[in-house]
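Nothing in this text is a laboratory measurement; each read-out follows from the coordinates by a stated rule. From a predicted model like this one, the values you see are computed outputs, not experimental measurements. Cβ atoms come from the backbone with ideal geometry, glycine included; neighbour counts cover every protein chain shown.
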Amino acid sequence: MENDVFLKFNSLFEIPKDLIYLDGNSLGPLPKGAAKAISNVTHNEWGKLLIKGWNQSGWMDQPETLGNDIASLIGAKRDCVTVGDTLSFKVYQALASAIQIAPKDGVILSDKGNFPSDIYVANSILKQKNLPPVRLVNTDSLEHEIRKGDVSILMLTQVDYRTGYVHDIEKLTNLAKKEGIVTVWDLAHSVGALCLNVDQHDIDFAVGCTYKFLCGGPGAPAFLYVKPSHIPKIEPEISGWLGHEFPFKFDLSFVPASGIRKFRIGTPPVIQMAALKAALAIWKKVNMKVFRKKAQDITQLFIEEIESLGFDLELISPRNPSLRSSQVSFRTRYAYEKMQALIDHQVIGDYREPDIMRFGFNPLFNNESQAIIAAQKLNFIIKENMWKNKKYTKRKLVT
Ligand SMILES: Cc1ncc(COP(=O)(O)O)c(C=O)c1O
């Protein structure tokens with residue numbers, strides 16, 4: 001462990017001692033720098049400058065400045081990523097834009113592993129436009145469906161939130177391009193976990209959130225990437241005042257800004273942006289190739305440790321590390337109760353319906369020893385029937 005290049009990152013996060021946090025794929029822990037940044041923006045900027053903060057502290061430029069930080073994490077050029085709102089909004093904007101530029105009328109294709117919010121948002125747009133709902137297919141029939149000739153947009157989340165399965169983004173995008181299909185990728189579970197290259201892969205639109213692996217904080221703003229050559233062609237469908245070329249002219253008709261700024265909607269969440277900026281400063285120091293390899297090694301060890309216990313825990317994440325993100329999921333009976341008991345024993349993972357125990361690993365604050373200890377604790381909980389305690393049966397709002 002001495003030569004663990006990520007050891008130096010551990011102290012940058014606020015994680016209670018003796019707690020093994022394996023849920024950074026859902027909500028990243030607090031970067032200490034983010035706590036300082038929040039204190040600074042509240043006390044020194046908002047507190048002292050008041051409204052002058054918009055001009056003097058760079059608040060108004062945050063969607064673009066942070067967008068450029070995100071751009072380097074997803075392999076995008078500068079000035080084609082904007083940050084703000086929640087991911088569901090960004091999915092709306094990306095899909096509504098994709099519909100505008102799609103060269104043919106056709107269906108929107110997605111798979112059953114996609115995150116429900118993306119499907120709900122897509123179907124609400126399609127309903128408004130009197131178009132047929134999203135065609136949802138099994139993941140293994142995607143290639144066949146893409147080749148059918150009646151698809152205009154491919155909308156996928158690169159990593160399956162339940163299993164951690166990673167779609168072959170390059171292959172599917174290439175296939176879609178050949179068929180004249182516009183691509184919309186949700187990178188919520190990829191950014192801060194995988195090596196990404198949206199520009200090289202010629203992706204049309206990408207979106208993602210920043211509160212998972214990136215550690216931007218609960219409710220941190222999301223991002224939208226638009227392929228540079230598409231930006232001038234698109235009329236933003238949620239035309240907020242800050243997407244106007246001159247918002248402070250208070251013009252009653254909307255004139256879209258010329259660049260990525262046209263996809264802004266309203267006022268940036270300044271305090272959340274400050275926290276995110278501090279989190280992104282950490283990512284600037286991370287070599288993603290080395291990081292990815294480390295995450296693969298830790299998840300591999302965790303799988304081996306859990307499987308050696310011999311309990312009824314069925315691995316539903318891919319065994320092949322290149323098809324698996326930084327998350328490992330097992331199907332088991334009483335998964336909710338077992339996870340609650342594990343959390344009570346200082347190992348935090350989470351539960352997903354109907355029977356999934358999910359564990360996320362981020363090498364910036366997780367390591368091999370934690371993987372071994374977490375497996376040992378799960379062994380104890382199952383062997384000693386700890387999870388049968390009635391207190392673990394009551395479902396909480398967030399699972
Ligand atoms: C893949 C994916 N898409 C969309 C969402 C919805 O994001 P938000 O709640 O920020 O709108 C999530 C939330 O976890 C997600 O994981």
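Here are the numbers:
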item: Protection-proxy order for peptides 327-335, 32-40, 390-398, each taking the mean of Cβ atoms within 10 Å per residue, highest first; result: 327-335, 32-40, 390-398
item: Cα-based Lys proximity count in the range 210-349, under 17 Å, for pairs eight or more positions apart or on separate chains; result: 8
item: Computed lengthening from S141 to K48, 0.36 nm per intervening residue step minus Cα-Cα distance; result: 27.7 nm
item: Label-reachable residues, the range 87-128, where backbone N falls under 15 Å from a point 7 Å from D202's Cα toward its Cβ; result: 103
item: DSSP-assigned coil residues among trypsin sites (Lys or Arg not before Pro) in the range 239-306, each with at most 13 further Cβ atoms within 10 Å; result: K284, K285
item: Inter-label distance for N130 and D18, nm, one decimal - labels placed 7 Å from Cα along Cα-to-Cβ; result: 6.5 nm
item: Anisotropy class of the chain from Cα gyration tensor, a/c 1.5 cut; result: oblate
item: Set of aspartates and glutamates with alpha-carbon distance to K90 below 12 Å, sequence-local pairs under 8 removed; result: D118, D186, E237
item: Share, in percent, of DSSP beta bridges within the range 58-283 that are antiparallel, nearest 5; result: 40 percent
item: Label point distance in nm, Y120-T393, each placed 7 Å from Cα along Cα→Cβ; result: 2.9 nm
item: Bridge type composition, the chain - antiparallel percent by DSSP, nearest 5; result: 60 percent
item: The range 122-279: radius of gyration and largest Cα-Cα distance (Dmax), Å; result: 17.4, 52
item: Difference of contour (0.36 nm per residue) and Cα-Cα distance, E307 to I343; result: 11.0 nm
item: Under the span-like rule (Cα at least 24 Å along the axis, Kyte-Doolittle mean at least -1.0), DSSP H helices of the chain; result: 288-307
item: Sparsely packed trypsin sites (Lys or Arg not before Pro) within the range 53-140, loop by DSSP, other Cβ within 10 Å at most 11; result: K112, K129
item: Cβ charges +1 (Lys, Arg) and -1 (Asp, Glu), total dipole of the chain, debye; result: 600 debye
item: Farthest toward positive dipole pole in the chain [+1 Lys/Arg, -1 Asp/Glu at C-beta], among G240, G24, S152; result: G240
item: Relative contact order computed over the chain (Cα-Cα under 8 Å; 6+ residues apart), in percent; result: 21 percent
item: Under 18 Å from K178, Cα to Cα: aspartates and glutamates that are on another chain or at least 8 residues apart; result: D105, E143, E145, D150, D168, E170, D199, D202, D204
item: Cα gyration tensor, the range 17-124 - rounded (a/c under 1.5), prolate or oblate; result: oblate
item: Cα-based shape type of the range 335-399, given that a ≥ b ≥ c are square roots of the gyration tensor eigenvalues and the cut on a/c is 1.5; result: oblate
